[in-house]
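The values are calculated or read from the model by the stated rules, or taken from the named source; none is laboratory data. Predicted, not measured: the structure shown is a model, and the values here were computed from it. Surface areas here come from the heavy atoms of the whole protein model, side chains and all, with no ligands, DNA or RNA. Shrake-Rupley method; radii C 1.70, N 1.55, O 1.52, S 1.80 Å.
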Amino acid sequence: MKNIITELVMLAGYYGLVEWLVNRLIRRQKKPVHLLWVWTTLLIISCLINLTFYWFAYPVIIWMLIGIGLVIHQLWTSHQFLYQRFWPRFWQLTVFFWLVAFVLSLLGNRLPVV
């Protein structure tokens, strides 16, 4: 339990520090910018640390299927693929997915390796 709390505090601290630094360096907008790719990168690294390479492959496969599914959904609904519509939705779903994967990796760190 102590390990889980430590990882959550470290993750929140790193995210807050990186987001604060980038917002201080950019200063283009008055409101703070939320960097979904930074959050995603930290969650992926944390999942990789918690899981072995064997179990880490499964979230990566699901993440790829989410991207392919978004492309198919966009082609199906609007009959075209536009990056301006794809990227914001992709990063939102990516952060949500890796957050769920991170929580599950905290709970399933004793999974067997075949």
Relative contact order of the chain: what whole-number percent is it, with Cα pairs under 8 angstrom and at least 6 residues apart?
34
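Taking the solvent-accessible surface of protein heavy atoms with a 1.4 Å probe, what is the per residue accessible area of the chain in Å²? Intermediate results must be reported in sequence, preceding the final value.
Details: 8570 Å² over 114 residues.
Per-residue accessible area for the chain comes out at 75 Å².
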Whole-percent carbon and sulfur share, accessible surface of the chain, 1.4 Å:
72
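Explain nothing, just the number: relative contact order of region 41-104, from Cα pairs under 8 Å at least 6 residues apart, as a whole percent.
In percent, rounded to a whole number, it is 51.
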If the elastic network links every pair of Cα atoms under 10 Å, which of Ile26, Ile68, Ile49 fluctuates the most in the Gaussian network model of the chain?
Ile26
